[in-house]
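First the structure, in the form of structure tokens, and then the observations on it.
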Amino acid sequence: QVQLVESGGGLVQPGVSLRLSCAASGSIFRINAMGWYRQAPGKQRELVAVISSGGSTSYIDSVKGRFTISRDNAKNTVFLQMNSLKPEDTAVYFCHARLVSQDDYKTRNYWGQGTQVTVSS
């Protein structure tokens, strides 16, 4: 069994910062890519940022220069530092990991339960 547990969401005013964390635990052999998705009301889930096992990163255009994704491989944890938050960043943020299970050595996608981020004055 593998679990992804997120933390760090909340209600903030525009312009401030938040840091999301996601820790993976369980029968993990190796974690490949980790990332953050978000889903706003009435919209499709979108990929916000992704980081490879080697540390390469990619972002959607709307968050470039404001968000930073990082990971601690020793702790199987991924972070999303969100600065200069805007109302349009309001969404449920989901952690994602593509990893190899220690149970059967198969690669699968795993998701966290989601954490709400609301940016409002």
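Remarks
- For Pro41, the conditions (1) at pLDDT below 95; (2) over 25 Å from Ser17 (Cβ atoms) are fulfilled apart from (2).
- Condition check for Phe29: under 21 Å from Gln1 (Cβ atoms) and of a type in the set (A, V, I, L, M, F, W, C): yes
- First in the stretch 57-70 and within 15 Å of Lys86 (Cα to Cα), second anywhere and open to solvent by less than 50 Å² (accessible area, probe 1.4 Å) and acidic (Asp, Glu), Cβ under 8 Å, 6 or more apart: Val63/Asp89
- Test: residue in the stretch 19-36 that is charged (D, E, K, R), modelled with pLDDT of 95 or more and part of a loop (DSSP other than H, G, I, E, B): no
- Total residues in the stretch 6-18, condition within 15 Å of Gly112 (Cα to Cα) and not in a strand (DSSP E or B): 2
- Any hit, the stretch 75-95, residues being on the phi > 0 side of the Ramachandran plot, in contact (Cβ under 8 Å) with a residue 12 or more places away in the chain, assigned to a loop (DSSP other than H, G, I, E, B) and among the polar types (S, T, N, Q): yes
- Subset of the stretch 1-44 (residues that are β-branched (Val, Ile, Thr), open to solvent by less than 30 Å² (accessible area, probe 1.4 Å) and closer than 15 Å to Asn109 by Cα): Val2, Ile28, Ile31
- Taking the conditions (1) of a type in the set (Ser, Thr, Tyr); (2) in a loop (DSSP other than H, G, I, E, B); (3) at pLDDT 95 or above in turn, Ser53 satisfies each one other than (3).
The values are calculated or read from the model by the stated rules, or taken from the named source; none is laboratory data. Note that the structure is predicted; figures quoted are calculated from it, not measured. We place every Cβ from the backbone using ideal geometry, glycine too, and count neighbours over all the protein chains shown. Remember, those area values only see protein heavy atoms, side chains included, never the ligands or the DNA or RNA. Shrake-Rupley method; radii C 1.70, N 1.55, O 1.52, S 1.80 Å.
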